[in-house]
Amino acid sequence: MKATPRVSRPVSWPRLLLHILLILIVVCFMGVFLLLPLATVFVEALRSGVHAFMQAIAQREALSSMRLTLFVAAIAVPLNLIFGVAAAWAMTRFEFRGKALLGTFIDLPFSVSPVISGLLYVLLFGAQGWFGPWLDQHGVRIIFAVPSLVLVTIFITLPFVARELIPLMQAQGSDEEEAARVLGASAWQMFFRVTLPNIRWALLYGVLLCKARAMGEFGAVSVVSGHIRGLTTTMPREVEMRYNEYDYVGAFAVASLLALLALLTLAVKTLLEWRYGDQIAQHTPAGH
Amino acid sequence: MQRRRVLPGFGLSLGYVVTYLGLIVLLPLAALAWKASGVGLHQLLQLLSSPRTLAALRLSFGGALVAAVFNAVIGLLVAWVMTRYRFPGRRLLDAFIDLPFALPTAVAGIALTAIYAPNGWLGQWLVPLGIQIAYTPLGVMMAMVFVGFPFVVRTLQPVLEAMDRDVEEAAASLGATRLQTFMRVILPMLMPALLTGFALALARAVGEYGSVIFIAGNIPMHSEIAPLLIVEKLEQVDYAGAAALGVVMLCFSFVLLIVIARLQRWSGRWAERSA
Amino acid sequence: MTLLLSHLSRHFTDAAALDDVSLAIAPGEFLALLGSSGSGKTTLLRILAGLDYPQTGSVTWGGHDLLNMNARERKVGLVFQHYALFRHLTVTENIAFGLRVRPRHARPARAEISARVEKLLKRVQLEGYGKRFPAQLSGGQRQRVALARALAVEPELLLLDEPFGALDAQVRIALRRWLRNLHEELGLTTVFVTHDQEEALELADRVAVMNRGRIEQVGTPEAIYQQPATPFVCEFIGKVNKFELRREQDRLICGALELGADPWARRYDRAVAYIRPEHLALSASGWKAHLRHIYLAGSVAHLELALDASEQIIEVDVPSEDLLQMSLQPGAELYVEARTATVFPLLDAPGEAKPEDRRVLKPHQRA
């Protein structure tokens, strides 16, 4: 966008009214459709007072769901971080056959319904699944246990970092890396001294989105986690269970923690965009 | 002489990526293909043709289509206002566009229900007027609009920002009215991005689960969506039925993915090639 | 150490970038690779730097096979066209990069690195700019940082890709002379790629003119300009008037231009003659022509003439002072005489010239 200020000619009255009308429509729509639900979460959580809220989130089930959610994210996010960097390096620095196909497969988890992703893993590891009988014989539990939560979360959040890095690294080109090589840098010196500093903000951005999604995933987790409360219940599942038990304050209390996390994500994301917008690539939004 | 690669790490990065994708994405997909092929086409059609399944598929696809069309219209309006007009609070409002991406779907689901339920914040006023949203297809679509909203706005915004004002000024200097300029110049230039955003919102809404199931009420034949039916079939250990539904939805995702890739190439055709 | 390139070929999927290129570059030489985009000059430079590899051929440097070394082992200095400065590092850090990434046993001490960087900053006239980031520098300053960075590792071979391409005309001319001095001071072997013939002719000891993956001619700037070896070089370097000749009995003729009964002329049916505008002069006799335009360009005036015999448009350069005395007007009748012409016989295949049989001669003129 051009930064030069334009001397705008005076806007006519009907035109100005149209502008104001359009702005009002947008503000009202976003108010009712986006901000109202957000406000609802906090108001409902505090409906019976701060004390009830604190009690609701201090319950053992709530705490164990938080631990599990953090645990799952702590495994899935770093794995997808490494994957994303490797994928972006291969996709942007080399020409090879099947590159477009590889790109399609990297994007695939974005367009698959979370429930379907869960289904895929049930068909792979469930009782009637591919590896089900073998796993059963050896006493390994994947479905209805923590490993399946980790696997579906990895699946769902797989593209985030890669999708953030690929357009940026494409735009940056490989000149600086080639310069580093000509100047005598080894492969890892080149990576840590040139590549990584150039992509750090985009990387952080991708990790942020990946983490938010990993902690909020619901559909896929519902399919593979079964109903063993406390053992495989992540925070979003805890919200559902409490809601279904008509414990509205409890449900909204846990939900409000997730909403706070979402707000924090939005804040950091916006800050990154304002501050380092030029070092984060323009890209098509994605994510379930 | 063999063609050598100048930058290091080709084998390592590609090998890692392919192995990782193979284990995380391709292997599970193969399991679904295997399960579905074991069912057979005839039985597959039979599994899909039960009235309840058909109703669920109709709601998921039809509802998603309506929601995506609605999102295309409102998304265009929001993107336009956000890029063209300056008003207090614009930057803050702009940041909240991504809320549906950031808010876990289950949280959105219970919040929407709390608003539109007959005794809810808005529901208590709307229901007496005869507008029932929660536990109806309308509620399902409402949730689908919520989750799909950012796609259209976020695909249109960069295009609108990059669009040269000169083009509009040129149209005006050639005698076009504001409406003609919009319909004949701006809209065609936005079309690839608009369709991309529409397709992304559609893909998202079809597969949506968490935010829909609370407000839907899940009444069979009325407000039950296909992903929920898959979950129920899995709970009844009906893997074949679940796989059949899964294949249909996955095929739809594939087609949309290809369409989106095409659209993105199409929208790139005006980009000037840099040397 | 001599840099020897022999029979290099590099094919991309759609086209040949290099087609059997051989070249010997003497130690201490300043060589320009001159050509338009797509001529293969950048590919050749990248092969020397180790950023691309040929399918066939060899590159040796004082007898060592360069192609068996990768980019980081070659220790050449390379200045990229768009500089490729590390945007997250300061000027000092950029220059020190090549020293800091050395293995511990070969790495100079911290103090020595900073001393060397200081020296280089002084050499490229950027003292006091060490703490800035590349984004805070002008184009010419960035160029000099890129050069200092390449020189920090003390290469014996310096490669520059369009070193002045992205600069303003004034900065460009100043930097050119400065670079030439630097080259002589350091005793480097320097190869630079350019599409700007003026730059190549002014700076280089020798110029290699490239066209479609081949080297058309290698020679001193004088040789390239005065004795172009191929029709391409004639047309690419400087301005030129082109005449297509065909045989009539034992003479080669084009309108008013005629090559005499040379035994040479009898061997070919067609030929092409090139005459530079400054090799044409106004005179009392010669070809009859009419003046169409006068373009004054400082000390020289370019006259656009139409030859009466063939209606061909030609350009003649005349000192501006001479022109002043003649007080010519468009439409005036003039006579033009050629001092020298470069003639290439043409073979039967259209456009195929035979550069080996080139002749530089003074054409006979019909009255």
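Details
- Structural descriptor for segment C:3-231: relative contact order 30 percent, calculated from alpha carbon pairs under 8 angstrom and at least 6 residues apart.
- Segment B:145-170 versus segment C:208-224: alpha-carbon centroid distance in Å: 51
- Anisotropy class of segment B:106-194 from Cα gyration tensor, a/c 1.5 cut: prolate
- Percentage relative contact order, chain B, counting C-alpha pairs under 8 Å, at least six apart: 28
- Between B:Q264 and B:L45, full extension at 0.36 nm per residue minus the direct alpha carbon distance yields a gain of 75.5 nm.
- Peptide A:24-34 has a mean shielding of 6, counted as Cβ atoms of other protein chains within 10 Å of each residue's Cβ.
- With loop membership from DSSP and a limit of 12 other Cβ atoms within 10 Å, the longest segment of chain C without GluC sites (Glu not before Pro) is C:128-310.
- Length-normalised contact order of chain A in % [C-alpha pairs under 8 Å, at least 6 apart]: 30
- Size of charge dipole - segment A:119-214 - debye, nearest 20, with Cβ of Lys, Arg +1 and Asp, Glu -1, no other charges: 300
- Student exercise, chain C dipole from Lys, Arg, Asp, Glu Cβ charges, in Debye to nearest 20: 1760
- Amide H contacts under 5 Å for C:V272: C:L245, C:F344, C:L346, restricted to partners 5 or more places along the chain or on a different chain, H placed in the peptide plane at 1.01 Å from N.
- Point-charge dipole on Cβ atoms (K/R +1, D/E -1) for chain B, about Cα centre, debye to 20: 780
- Segment A:104-229 shape via C-alpha gyration tensor axes, a/c threshold 1.5: prolate
- Exposed-loop-free span, longest in chain A, where GluC sites (Glu not before Pro) count as exposed if DSSP calls them loop and at most 14 other C-beta atoms lie within 10 Å: A:96-244
- Put the Cα centre of segment C:294-312 next to the Cα centre of segment A:117-190 and the gap is 71 Å.
- For the protein assembly as shown, a Kirkwood hydrodynamic radius built from all Cα pairs, placed in the Stokes-Einstein relation at 4 °C and 1.567 mPa s, yields a translational diffusion coefficient of 39 µm²/s.
- Counted over the protein assembly as shown, the DSSP beta bridges are approximately 80% antiparallel.
- In segment B:1-90, the chymotrypsin sites (Phe, Trp or Tyr not before Pro) that fall in loop regions by DSSP, at most 13 other Cβ within 10 Å: B:Y85
- Translational diffusion coefficient (Stokes-Einstein; Kirkwood radius from C-alpha pairs) of segment C:108-158 at 20 °C, 1.002 mPa s, in µm²/s: 188
- Average other protein chain Cβ within 10 Å of Cβ, residues B:10-23: 6
- Restricting attention to segment C:3-231, close to 50% of DSSP beta bridges with both partner residues there are antiparallel.
- Shape class for segment C:1-84, computed from the alpha carbon gyration tensor (a ≥ b ≥ c): rounded, with a/c under 1.5.
- From helices alone, chain A scores -23000 deg cm²/dmol at 222 nm; the rule is -39500 (n - 2.57) for each run of n ≥ 4 DSSP H residues, then divide by the residue total.
- Backbone geometry of segment C:60-70 corresponds, through the Karplus equation with coefficients 6.51, -1.76 and 1.60 at θ = phi - 60°, to 3J(HN,Hα) couplings of 10, 10, x, x, 8, 6, 6, 5, 7, 10, 8 Hz, x marking Gly and Pro.
- Likely footprinting exposure, B:V107, C:V316, fewest C-beta neighbours within 10 Å first: C:V316, B:V107
- Projecting the Cα atoms of C:G57, C:V171, C:M1 onto the charge dipole of chain C (Cβ charges, centred on the Cα centre) puts C:M1 farthest toward the positive pole.
- Chain A gives an Rg/Rh value of 1.05, both radii derived from C-alpha positions and Rh following Kirkwood.
- R0 of 30 Å, Cβ-Cβ distance C:R177-C:H105: FRET efficiency to nearest 0.05: 0.15
- Per-residue average of Cβ from other chains inside 10 Å of C:151-158: 1
- Dipole of the protein assembly as shown, positive direction: furthest Cα of A:G216, C:Q227, C:L44, with charges on the beta-carbon: A:G216
- Look at the dipole of the protein assembly as shown built from charges on Cβ: of C:S320, A:L38, C:G35, the Cα furthest out on the positive end belongs to A:L38.
- Per-residue ³J(HN,Hα) for segment A:91-104, Karplus 6.51 cos²θ - 1.76 cosθ + 1.60, θ = phi - 60°, Hz, x for Gly and Pro: 6, 9, 10, 9, 9, 7, 6, x, 5, 4, 5, 4, x, 4
- Proximity of backbone amide H atoms, modeled 1.01 Å from N, is registered between C:L252 and C:L259 at under 5 Å, excluding neighbours fewer than 5 places apart on the same chain.
- At R0 = 30 Å, FRET efficiency that the Cβ-Cβ distance of A:V140 and A:A58 yields, to 0.05: 0.30
- Quotient of Cα Rg and 2.2 N^0.38 Å for segment B:82-124, N being how many residues it contains: 1.56
- Sequence-distant residues sharing a close amide H with C:A301 (under 5 Å, placed H): C:V318, C:S320
- Cα gyration tensor of chain C - equivalent ellipsoid semi-axes, whole Å, descending: 48, 26, 14
- Given chain A, longest segment not containing exposed loop chymotrypsin sites (Phe, Trp or Tyr not before Pro) (DSSP; at most 13 other Cβ within 10 Å): A:97-245
- Per-residue Karplus couplings for segment B:197-210, computed as 6.51 cos²θ - 1.76 cosθ + 1.60 with θ equal to phi - 60°, are listed in order as x, 4, 5, 5, 5, 5, 4, 5, 5, 4, x, 5, 10, x Hz, Gly and Pro entered as x.
- Each principal axis of segment A:25-157 carries a Cα extent, and these read 58, 50, 25 Å when sorted largest first.
No lab work stands behind these numbers, since they all come straight from the coordinates. Keep in mind the model is a prediction, meaning the values are calculated, not measured. Neighbour counts run over all protein chains shown; Cβ positions are idealised from the backbone, glycine included.
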